[in-house]
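Below is one structure; the comments refer to it alone.
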Amino acid sequence: MSFRKPFKAVPIKVGPYYRSKQREARRRSLLAAVGLLAGAGVVGGLVGAGSVALPSIGGPTYGDRVSGCTATDGDTIRCGNERIRLVGIDAPEIPGHCREGRHCTPGNPYAATTSLRKAIAGSVYIERLGTDHYGRTIAALSNNDGDLSCMQLRNRNAVYVARWDNEERIARTCPDQVRTR
């Protein structure tokens, strides 16, 4: 007995006809990708058209508004699934959160958290600057009273950390509050 499979024809994937079909398939997928990006740009433009910038006199500008945020500690907030770290400052850690061997900022962590919680009540303006190694968004936040990093420094609820200050943003925004650690 023989258990041989019947012969099955396999298309030959060479020749000018097959190459033209490959080119057309690549062209269609490229056009679809371009169309998707163009559509995303239009939607982004429409969504961005509603953002409001704070008027400033030679200071930073803030583009988007966020609301419904909660303060995690004196330098970090959470808005939905996004964790946002204030640029250029370090606030005291909640007891038990300062890892072994790290020099943590002295001060009252509860006062720092309460101060930030009051500042973000309602909505705040945000300018996203990047992300840190924990995946948090590094951002400059502002309310109607000014920059929140500067506010925390002014209230002595945080210290300035130059290496965390993207493009010396805080040093330029509130130079009278900056004391290097």
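The values are calculated or read from the model by the stated rules, or taken from the named source; none is laboratory data. In this text, all values refer to a predicted model and were calculated from it rather than measured experimentally. Cβ placement follows ideal geometry from the backbone for every residue including glycine, while neighbour counts extend to all protein chains displayed. For accessibility, only protein heavy atoms count, side chains too; no ligands or nucleic acids. Shrake-Rupley method; radii C 1.70, N 1.55, O 1.52, S 1.80 Å.
From the alpha carbon centroid of the stretch 17-39 to that of the stretch 66-82 is 42 Å. Using a simple spin-label model with pseudo-atoms 7 Å out from Cα toward Cβ, Arg27 and His103 lie 6.5 nm apart.
Quick one: pull the percent of accessible area on the stretch 73-175 belonging to carbon and sulfur, 1.4 Å probe, ligands and nucleic acids left out. Could the numbers behind the result be given before it?
Numbers: 2440 of 5260 Å².
On the stretch 73-175, the fraction of accessible area on carbon and sulfur atoms equals 46 percent.
Could you tell me the calculated FRET efficiency between His133 and Leu37, based on Cβ-Cβ distance and R0 = 45 angstrom, to the nearest 0.05?
Numbers: r = 29 Å, r/R0 = 0.66.
E between His133 and Leu37, to the nearest 0.05, is 0.95.
Counting heavy atoms of the protein chains alone, Leu30 has an accessible area of about 110 Å² for a 1.4 Å probe. Note on Ile94: accessible area is roughly 40 Å² with a 1.4 Å probe, heavy atoms of protein only.
These residues, Thr131, Thr137, go from largest to smallest accessible area, 1.4 Å probe, as Thr131, Thr137. Rounded to the nearest 10 square angstrom, Asp145 shows an accessible area of 140 square angstrom against a 1.4 Å probe.
Please list Thr173, Thr70 from largest to smallest accessible area, probe radius 1.4 Å, with all protein chains kept in place. Please list the in-between numbers first.
Details: Thr173 50, Thr70 80 Å².
From most exposed to least exposed: Thr70, Thr173.
For the stretch 90-176, with every protein chain kept in place, what is the accessible area per residue (1.4 Å probe, Å²)?
Working: 4850 Å² over 87 residues.
Ligands and nucleic acids excluded, the result is 56 Å² per residue.
For Lys118, Lys21, give the ranking by accessible area with the largest first, probe 1.4 Å.
On the way: Lys118 150, Lys21 105 Å².
If we order Lys118, Lys21 from most to least accessible, we get Lys118, Lys21.
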